[in-house]
Amino acid sequence: PPLSDAEAARLDAADLAGAPPHVVGDYPEWLDPQFDRVFGAERAEEGAALASRAPLDLRVNTLKVGREQAAQALAELKPQPTRWSPVGLRIPLGAEAKSPAVHAEPAFIKGWVEVQDEASQLVALLSGAKPGEQVVDLCAGAGGKTLALAAMMENHGQIYATDSDKRRLAPIHARIGRAGVRNVQVRTPRAGADAVGDLAGRADLVFVDAPCTGSGTWRRNPDAKWRLRP
């Protein structure tokens, strides 16, 4: 039946004062012990932040341009330098703003920028990959971090990109071409074969972005946390 006047008034006056952290933070109750272990008293605040809208971050492809030139090319989107990544640009988005069509921008089409969260940019940077090295990207997926590693290595050396799920590798080929990357060898897994077995003992760096809970994507896929199970 329709809400009673008392029920409607209760909803209008509702607030979260005194609510448990998983309610304030908008995450499943069974995750509270894990959030408590990681974030402690700030877990409700962290959960609420993961429920807010994500910004749009871009990684500048330094194989082609510098950050300032890329920012000028995207000036109408008002990009700002990312706080931590020296190769990142952030396009601020209001809660109700429409996402810009970055994929239609000439700077994107020419391979000057890639869509990539600042956190992912930092993960690649912290790997310390250097020009001339032999690098294995073991869980390459669509290739975002593979391309970041290639830029760090200035197209020198070799990156072997593979993934246990070959379907996830499908976009990497077009992205490599657009970015002007020349030091990546994509190894698509074959049934019963080890895609990188011949590289044992030869790699300077093995980069592993292993499959996980995906909590870092909750801001873009808010339904994911409710589909997650213990």
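The values are calculated or read from the model by the stated rules, or taken from the named source; none is laboratory data. Quantities reported herein were computed from a predicted structural model and do not represent experimental measurements. Please note: Cβ atoms are built from the backbone with ideal geometry, for glycine as well, and neighbour counts cover all protein chains shown. Please note that ligands, DNA and RNA were not included when accessible areas were found on the heavy atoms of the full protein model with its side chains. Shrake-Rupley method; radii C 1.70, N 1.55, O 1.52, S 1.80 Å.
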query: Quick one: length gained pulling Val102 to Arg227 fully straight, 0.36 nm per residue minus the C-alpha distance?
result: 42.1 nm
statement: Mean-square fluctuation maximum in Gaussian network of the chain, Cα pairs under 10 Å, restricted to Ala151, Ala104, Ala51, hits Ala104
message: Explain nothing, just the number: dipole magnitude of the range 141-186 about its Cα centre with +1 on each Lys and Arg Cβ and -1 on each Asp and Glu Cβ, in debye rounded to the nearest 20.
response: 160
message: In whole percent, and with a 1.4 Å probe on the protein chains, what portion of the accessible area of the chain is carbon and sulfur?
response: 54
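For Ala17 and Leu122 in the same chain, what is the full-extension length gain: residue separation times 0.36 nm, less their Cα-Cα distance, in nm? List each step's numbers first, then the result.
Details: separation 105, 0.36 × 105 = 37.80 nm, distance 3.64 nm.
Gain on extension, Ala17 to Leu122, equals 34.2 nm.
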statement: Taking only C-alpha positions in the range 52-94, Rg and Dmax in angstrom work out to 10.2, 33
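Find the Cα radius of gyration of the range 96-230, compare it with 2.2 N^0.38 Å by division, and give the number to two decimals. It would help to have the intermediate numbers written out before the result.
Working: Rg = 16.0 Å, N = 135, 2.2 N^0.38 = 14.2 Å.
After normalising by residue count via 2.2 N^0.38 Å, the value is 1.13.
For Gln34 and Thr188 in one chain, what is 0.36 nm times their gap in residues minus the Cα-Cα distance, to one decimal in nm?
Values: separation 154, 0.36 × 154 = 55.44 nm, distance 3.54 nm.
Full extension of this stretch gives 51.9 nm more.
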Under 11 Å, Cβ to Cβ, from Met153 - net charge with Lys/Arg +1 and Asp/Glu -1: -1
message: Strictly greater than 32 Å: what percent of every Cα pair in the chain meets that?
response: 34
message: Only Cα pairs within less than 10 Å get springs; with that Gaussian network setup on the chain, which residue of Pro131, Pro55, Pro33 has the largest fluctuation?
response: Pro33
- line: With every protein chain kept in place and a 1.4 Å probe, the chain has an accessible area per residue in Å² of 58
message: Using Cα-Cα distances under 8 Å and only pairs 6 or more residues apart, what relative contact order does the chain have, in percent?
response: 18
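Within 10 Å, count the other beta carbons around each residue, average over each peptide in 112-121, 187-196, and list them highest first. Before the final figure, lay out each step's value.
Numbers: 112-121: 20.6, 187-196: 12.2.
In decreasing order of mean packing, 112-121, 187-196 become 112-121, 187-196.
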task: Starting at the first residue of the range 101-116, write each ³J(HN,Hα) from the Karplus equation 6.51 cos²θ - 1.76 cosθ + 1.60 with θ = phi - 60°, in whole Hz, x for Gly and Pro.
output: 7, 4, 5, 9, 6, x, 5, 6, 4, 7, x, 6, 9, 10, 6, 7
- line: HN-Hα couplings for the range 139-154 via Karplus (6.51, -1.76, 1.60; θ = phi - 60°), in whole Hz with x for Gly/Pro, come out as 10, 5, x, 6, x, x, 6, 4, 5, 5, 5, 4, 5, 4, 8, 6
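Apply 1/(1 + (r/R0)^6) to the Cβ-Cβ distance of Ala41 and Val208, taking R0 = 25 Å, and write down the FRET efficiency to the nearest 0.05.
Values: r = 32 Å, r/R0 = 1.27.
Result of the calculation: an efficiency of 0.20.
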query: Can you give the net charge of the other residues whose Cβ lies under 12 Å from the Cβ of Leu63, counting K and R as +1 and D and E as -1?
result: +3
- line: What helix-only [θ] at 222 nm does the chain give? Using -39500 (n - 2.57) per DSSP H run of at least 4, over all residues, to the nearest 500, the answer is -7500 deg cm²/dmol
statement: Which residues qualify? For Gly157, with a placed amide H closer than 5 Å and at least 5 residues away or on another chain, they are Gly132
